[in-house]
Amino acid sequence: MLNDFVKSLIRWYEGSARDLPWRSTTDPYLIWLSEVLLQQTRVDQGLPYYLKFIQAFPTIQHLASASEEEVLKLWQGLGYYSRARNMLQTARYIAYKMNGIFPHNSKTWKQMKGVGDYTAAAISSFAFGEVIPVLDGNVARVTARLLACSEDITKNTTRQLFLQFLEQLIPAAAPAVFNQAMMELGAMVCKPGKPDCASCPVASHCQGRLMGMAASLPVKAKKAKPTLRYFDYFHLVYGNRTWLIRRPSGDIWQGLHEFPMVENTHPEPVPRIPFLQASALQSMALEAEYTHRLTHQLINARFWKIYTTPEQINPLSGIFECAHNRLKEYALHRLMVRYLEQQHIETET
DNA sequence: AATTCGGGGAC
DNA sequence: GTCCCAGAATT
């Protein structure tokens, strides 16, 4: 009957799967790229980035020779920017230290930066036919319902249990299609909160459905509350120039650009501006205020526009200038992009 | 084992 | 508003 499950699953997949560009190739570079882009990212959101990347960097050699600036610029707006830095590092490692030869199995792939259990298994099964199951959020949800398992799926013991189950299920003749099909089922039918059991090709095999508990699975530990942060940004303008800094390491948006800013523990009525002489304060105006929600942080951001002169700006390491009408050509985080859009500051064409 | 790294769509 | 997404690295 397990064999019947696999047959029904794959038959459904062959007949109604989405047509996604990385599914019609076995090029390990393209598959690797798609897997990294799609980590914790919906297909609809990652697809345009995939198309941009394969145009800018058609091969690993193109990527390996790119600067971090260029890669971050293309990654801008997608989030989890460490993926971009890790992928560039791995691209250079494979291109220059491994003569451009990709790892051929999951064990070696897992040694690459930015490649964990899931991505190593995905690349190895999709590009090289390795018989190894993938366990992402979709597969975990499908498996929990299939087995009517109420254990916390974030726990390692539960993951091991699922992998053990999947290893005996995955067909040696078609590991890639099986993995794709399990994920596709989770994305299109066995959705979180609202499983569409009526159109599920393997509903007859599902213990969760049989026991009427499919919709309440999987069980997952709840997250901690986000911490509050208060950012005051200073949009310093003189002539057609403005100022940017790069985000430091060890914090959010690492390596991305933004206006110089101060962080306060509480919202200050008038934020201090360490970048300016006091004489410039009279030209300060609050242009925008946003609440920006991240997974673990809630950021209150205020943008102060200040017209000034070069003489009023104190020297500060890490600050550099750029044309204010070309700001969008830099790698910026979403908060900055929102501000620029509201200010109708567009990229030069 | 617990935290942190984002942005956006579904509800 | 909450939850979750083709997860991984760090502590």
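The values are calculated or read from the model by the stated rules, or taken from the named source; none is laboratory data. No experiment lies behind these values; they were computed from the predicted model shown. Please note: Cβ atoms are built from the backbone with ideal geometry, for glycine as well, and neighbour counts cover all protein chains shown.
Scanning the range A:290-313 for residues that are within 16 Å of DNA strand B (Cβ to nearest atom) and either touching a His at 6+ places or on another chain (Cβ under 8 Å) or assigned to a strand (DSSP E or B) (or both) yields a count of 10.
Which one of these is in the same structural domain as residue A:201 (by TED's automatic domain parsing) and without any contact (Cβ under 8 Å) to a residue 24 or more places away in the chain: A:28, A:48? Steps first, answer last, please.
On the way: A:28 fails: without any contact (Cβ under 8 Å) to a residue 24 or more places away in the chain.
Going through A:28, A:48 in turn, the sole match is A:48.
Do you know which residues across the range A:141-160 are away from DNA strand B (no atom under 12 Å from the Cβ) and at negative phi?
Filtering the range A:141-160 for residues away from DNA strand B (no atom under 12 Å from the Cβ) gives A:141-151, A:153.
Matches in the range A:141-160: A:141, A:142, A:143, A:144, A:145, A:146, A:147, A:149, A:150, A:151, A:153.
From the list A:63, A:30, A:2, which residue is away from DNA strand B (no atom under 16 Å from the Cβ), among the aliphatic types (A, V, I, L, M) and modelled with pLDDT under 95? When all the criteria are applied, what remains is A:2. The single condition from (1) in a loop (DSSP other than H, G, I, E, B); (2) surrounded by fewer than 18 Cβ atoms within 10 Å (Cβ to Cβ); (3) within 9 Å of DNA strand C (Cβ to nearest atom) that residue A:101 fails is (3). Taking the conditions (1) closer than 30 Å to residue A:307 by Cα; (2) surrounded by fewer than 15 Cβ atoms within 10 Å (Cβ to Cβ) in turn, residue A:198 satisfies each one other than (1).
Considering only residues in the range A:201-232 that are under 25 Å from the mean Cα position of the chain (by Cα) and part of a strand (DSSP E or B), the one that is surrounded by the most Cβ atoms within 10 Å (Cβ to Cβ) turns out to be A:231. Residues in the range A:53-81 that are more than 11 Å from residue A:331 (Cα to Cα), part of a helix (DSSP H, G or I) and away from DNA strand C (no atom under 16 Å from the Cβ): A:55, A:56, A:60, A:61, A:62, A:63, A:64. Looking only at the range A:12-37, residues that are surrounded by 13 or more Cβ atoms within 10 Å (Cβ to Cβ), of a type outside the set (A, V, I, L, M) and assigned to a helix (DSSP H, G or I) come to 9 in all.
May I ask you to list the residues in the range A:33-60 that are over 21 Å from residue A:116 (Cα atoms) and either at pLDDT below 95 or small (Gly, Ala, Ser) (or both)? Hit for the range A:33-60 is A:56, nothing else.
To keep it simple, each residue is scored yes or no on (1) aliphatic (A, V, I, L, M); (2) in contact with a Gly (Cβ under 9 Å, 6 or more places away or on another chain).
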residue	(1), (2)
A:6	yes, no
A:16	no, no
A:19	no, no
A:23	no, no
A:57	no, no
A:65	no, no
A:83	no, yes
A:86	no, yes
A:92	no, no
